[in-house]
Amino acid sequence: MKLALFDLDHTLLNTDSDHSWGEFLVNEGLVDPVRHRQMNDQFYEDYKAGQLDPIAYNEFVFEFLTQHSDDELQALHQRFMQNVIAPQMRPEGAKTIQAHLSLGHTVVGITATSDFITMPIFNAFDIHNVIATRAEYVDRRYTGKVAGVPCYQEGKITRLNEWLAGQEVEESWAYSDSINDRALLEHATHPIAVNPDERLLALAQEKGWRIADWSL
């Protein structure tokens, strides 16, 4: 297998889909604006600092999912995709995905953000293998809990190995913007820092990794 791994937020997107979902819910009047924005912003700062508690954050995000039916959530997500995500999709990322697909590579989206938020976004990029933090789903309802290991920092390697299930990888590419993905980038044959944050930029320069600019 030749494997191309793509992070989502600030890599394929010009925004953070998780934080943007929280803002979307506030702007739609669906959550307490003060509490939700305050918590959403604090968790986002923790993420950027590399200090996020992924269980606590995702349980905060999943609270909303437990309160609504599948039909309601799907309709909301479609509006979120159209109004928020579509304008933030990076064309250079889409071109790179198609280049890997044309070479017969296995393309995988791998993200710390939940499968609920990210599966349709990756699909819009023509990525259908998705490894994300799993929102527990029982009897057609979200429970509010995280299922399994969060797909965050070293957890991405754990989840990737679970997904591979022993399949041998001959060569791999990994694309990410964040120092939180250091383990993923170091795991790949070809690490590419995409519009990297300050710490990842320094690391990429130190290690001689390729640095790409996909910004809109």
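Suppose the chain between Ile211 and Glu45 were pulled fully straight at 0.36 nm per residue; how much longer would it get relative to their current alpha carbon spacing?
57.4 nm
So what is the 222 nm mean residue ellipticity for the chain from helices alone, if each DSSP H run of at least 4 adds -39500 (n - 2.57) and you divide by all residues, rounding to the nearest 500 deg cm²/dmol?
Counting only the DSSP helices, I get -14000 deg cm²/dmol.
With θ set to phi - 60°, apply the Karplus curve 6.51 cos²θ - 1.76 cosθ + 1.60 along the stretch 202-208 and write out the HN-Hα couplings as whole Hz, x wherever there is a Gly or Pro.
Per-residue couplings from phi come out as 4, 5, 4, 5, 5, 8, x Hz.
Just to be sure I understand the curve: with the Debye formula and one point per C-alpha of the stretch 1-97, what is log10 I(q)/I(0) at q = 0.12, 0.23 Å⁻¹?
With one equal scatterer per Cα and no solvent, log10 I(q)/I(0) is -0.45, -1.30.
Which percent of the accessible area of the chain is formed by carbon and sulfur heavy atoms (probe 1.4 angstrom)?
Reported share for carbon and sulfur atoms: 47 percent.
Could you grab the relative contact order for the chain? Cα pairs under 8 Å, six or more apart, rounded to a whole percent.
Once divided by the residue count of the chain, the mean separation gives 26 percent.
For the Cα atoms of the chain, what angle does the longest principal axis make with the long axis of helix 54-66, in degrees from 0 to 90, nearest 10?
50 degrees
What is the antiparallel percent of DSSP beta bridges lying wholly in the chain, to the nearest 5?
Of all bridge pairs located within the chain, approximately 20 percent are antiparallel.
Per residue, how much accessible area does the chain have with a 1.4 Å probe, in Å²?
For the chain, the per-residue accessible area is 46 Å².
Only sites in a loop by DSSP and with at most 13 other Cβ atoms within 10 Å count here; which GluC sites (Glu not before Pro) in the stretch 169-216 make the cut?
Answer in residue order: Glu170.
Below 19 Å, Cα to Cα, which aspartates and glutamates can Lys95 reach? Residues fewer than 8 away in the same chain don't count.
Answer for Lys95, where 19 Å is the Cα cut-off: Asp7, Asp9, Asp126, Asp177, Asp213, listed by chain and number.
To the nearest 10 degrees, how steeply does helix 17-27 sit against the main Cα axis of the chain, on a 0 to 90 scale?
Relative to the chain, helix 17-27 is tipped by roughly 20 degrees.
The values are calculated or read from the model by the stated rules, or taken from the named source; none is laboratory data. Treat the numbers as computed from the prediction; the structure is a model and nothing was measured. Neighbour counts are summed over all protein chains in view; Cβ atoms, including those assigned to glycine, are modelled from backbone coordinates with ideal geometry. Just so you know, the surface numbers come from the protein's heavy atoms only, side chains and all, with ligands and any DNA or RNA stripped out. Shrake-Rupley method; radii C 1.70, N 1.55, O 1.52, S 1.80 Å.
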